[in-house]
Amino acid sequence: MAAVNPRKPTEPRVKTLSIHVVTWNVASAAPPLDLSDLLQLNKDNLNLDMYVIGLQEMNCGIMSLLSDTAFEDPWSSFFMDVLSPLSFVKVSSVRMQGLLLLFFAKHQHLPFVQILSTKSTPTGLFGYWGNKGGVNICLKLYGYYVSIINCHLPPHMANNDQRLEHFDRILEMQNFEGQDIPNILDHDLILWFGDMNFRIDDFGLHFVRESIRNQRYSDLWEKDQLSIAKRHDPLLREFQEGPLLFPPTYKFDKNSNNYDTSEKKRKPAWTDRILWRSKRQPRADPHAQRLLAPHFCLSLRSYVSHMKYCISDHKPVTSTFDLELKPLVSAPVITLIPEGLWTVENDMLISYSLTPDFLSSPWDWIGLYKVGLRHINDYVSYVWVRDNQVSFSDGLSQVYFNTSDIPETEDQFLLCYYSNNLHSVVGISKPFKIQPGSFLAQDPLGEAQPHI
């Protein structure tokens, strides 16, 4: 029991989290066979903690949407298949027609990721149609507020003013009335990316293509519509972007690396962009004593396109960031420990401690997962905490877990405590094994299973 008592608080150390952001207009295509380059899986020294993936123009025909409602869409399934063996869990997702936003984190970070809100903002057809617009995940990461936005803005050279209007509208709609969440402009970090559809003004097709062929990308920057807009819009100027040192990512003939050869011969452009905005810290008065602001710093490691993928008329773009932060939350609110040697022949005890300010719910549950879980609903078995509690004293609780239905396997397992109030995992155990025995059977009582 002493092993689960909360430790004395210590000064949290600065952590560095590596975050990989992907944006890709997939033009209704199915996932290709290999996305190792896109996900940086071929880089041995890249120790990533989180993936943020935004897709645009996913197949959103009626039959496809009906199928994706009943089952995981092909792209989400593909990413989970690839990332779950590497200990990444799909923490949250939001979809609006062809827009999809996914957030993955390594399982050790789950107790420090609280999903606060997901939101869709349609801007097509006067704000009633979701073929254009933005999708947002708002979360707390180690106590800091982070907003992630994937967008698809209006196309065509002449619609630049409309693009800027939609950008502003998406930002204005990220309000959280009735929730204890600050305004999005007060969040510690905003990651904003997608097919923004900004074009290259003035220069003719021949000049643009020659500049690209000779890799003179800087010749084109001054006429990039987004760069021009940032020079005139103070709010947009607060959003940072890495240097455009890669070829424009639109428009290509599908299944090739050739720019548009159709009759329209659209001018190449950097339509696919990744921006970020860090909260501005107020300048300290040198004559006044003030507490130092918590350490929170985002730095860009890479900003590239991936020319090898040819399934779409867009090339995907990725950024890898290092986020240095001093955690505002350095210990999980729930500490879970499976008691003793787990076998499949007896009910076993789970001990857990909780912080004094944690508000539990009758709908909290503890899930048993195989290591390599795909998402939070991917449990092998579960218990409702209140229904199965056997003891409670001095912040230490015990619940029993029926293991007779657990499948015989050599795999390792994890326990996760899911808070219904916080809509998030708030505690996770260390991996452990269950001794072999009988195979998994269906719940004979037919009880409702927890689902989020």
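The values are calculated or read from the model by the stated rules, or taken from the named source; none is laboratory data. Everything quoted here is computed from the prediction, not taken from an experiment. Positions of Cβ are generated from backbone atoms using ideal geometry, with glycine treated the same way; all protein chains shown enter the neighbour counts. SASA here: full protein model, heavy atoms, side chains in, ligands and nucleic acids out. Shrake-Rupley method; radii C 1.70, N 1.55, O 1.52, S 1.80 Å.
Within segment 200-212, residues that are polar (S, T, N, Q) and modelled with pLDDT of 95 or more have Cβ atoms under 9 Å from residues that are open to solvent by 20 Å² or more (accessible area, probe 1.4 Å) and outside any loop (DSSP other than H, G, I, E, B) in these pairs: 211/218; 211/219, counting only partners at least 6 apart in sequence or on another chain. As a summary of the residue check, residue 277 satisfies the conditions (1) part of a strand (DSSP E or B); (2) within 20 Å of residue 155 (Cα to Cα) except for the one numbered (2).
When residue 417 is tested against the conditions (1) surrounded by 14 or more Cβ atoms within 10 Å (Cβ to Cβ); (2) farther than 16 Å from residue 89 by Cα; (3) modelled with pLDDT of 75 or more, the lone failure is (2).
Restricting attention to segment 308-325, which residues are open to solvent by 60 Å² or more (accessible area, probe 1.4 Å) and either at pLDDT below 95 or under 30 Å from residue 260 (Cα atoms) (or both)? Give the steps one after another, and end with the answer.
Step one: of segment 308-325, the residues open to solvent by 60 Å² or more (accessible area, probe 1.4 Å) are 308, 324.
Within segment 308-325, just 308 meets the criteria.
Of all the numbered requirements in (1) touching a Cys at 6+ places or on another chain (Cβ under 9 Å); (2) of a type in the set (A, V, I, L, M); (3) modelled with pLDDT of 95 or more, residue 181 misses one, and that requirement is (3).
Can you pull out the residues in segment 368-381 that are part of a strand (DSSP E or B) and crowded, with 21+ Cβ neighbours inside 10 Å? Spell out the reasoning first.
Going through segment 368-381, the residues part of a strand (DSSP E or B) turn out to be 368-370, 375, 381.
Matches in segment 368-381: 368, 369.
Would you pick out the residues in segment 34-51 that are open to solvent by 70 Å² or more (accessible area, probe 1.4 Å) and either at positive phi or at pLDDT below 95 (or both)? Matches in segment 34-51: 42, 43, 44, 45, 47. For segment 238-274, the set of residues classified as part of a loop (DSSP other than H, G, I, E, B) and among the β-branched types (Val, Ile, Thr) consists of 249, 261, 271, listed by residue number.
Here's the yes/no breakdown for (1) outside the structural domain of residue 419 (by the TED database); (2) at pLDDT 95 or above; (3) of a type in the set (Gly, Ala, Ser); (4) open to solvent by 10 Å² or more (accessible area, probe 1.4 Å):
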{"site": "79", "(1), (2), (3), (4)": "yes, yes, no, no"}
{"site": "82", "(1), (2), (3), (4)": "yes, yes, no, yes"}
{"site": "91", "(1), (2), (3), (4)": "yes, yes, no, yes"}
{"site": "94", "(1), (2), (3), (4)": "yes, yes, no, yes"}
{"site": "102", "(1), (2), (3), (4)": "yes, yes, no, no"}
{"site": "105", "(1), (2), (3), (4)": "yes, yes, yes, no"}
{"site": "112", "(1), (2), (3), (4)": "yes, yes, no, yes"}
{"site": "117", "(1), (2), (3), (4)": "yes, no, yes, yes"}
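Yes/no matrix, rows are residues, columns are (1) closer than 26 Å to residue 141 by Cα; (2) aromatic (Phe, Trp, Tyr); (3) at pLDDT 95 or above:
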| site | (1), (2), (3) |
| --- | --- |
| 388 | no, no, no |
| 392 | no, yes, no |
| 397 | no, no, no |
| 402 | no, no, no |
| 413 | yes, yes, no |
| 422 | yes, no, no |
| 436 | no, no, no |
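Quick check, is residue 116 part of a strand (DSSP E or B), touching a Cys at 6+ places or on another chain (Cβ under 7 Å) and farther than 18 Å from residue 39 by Cβ? Taking the combined requirement at face value, the residue satisfies it. Candidates are the residues of segment 210-237 that are open to solvent by 70 Å² or more (accessible area, probe 1.4 Å) and assigned to a helix (DSSP H, G or I); the one that is nearest to residue 258 (Cα to Cα) is 213.
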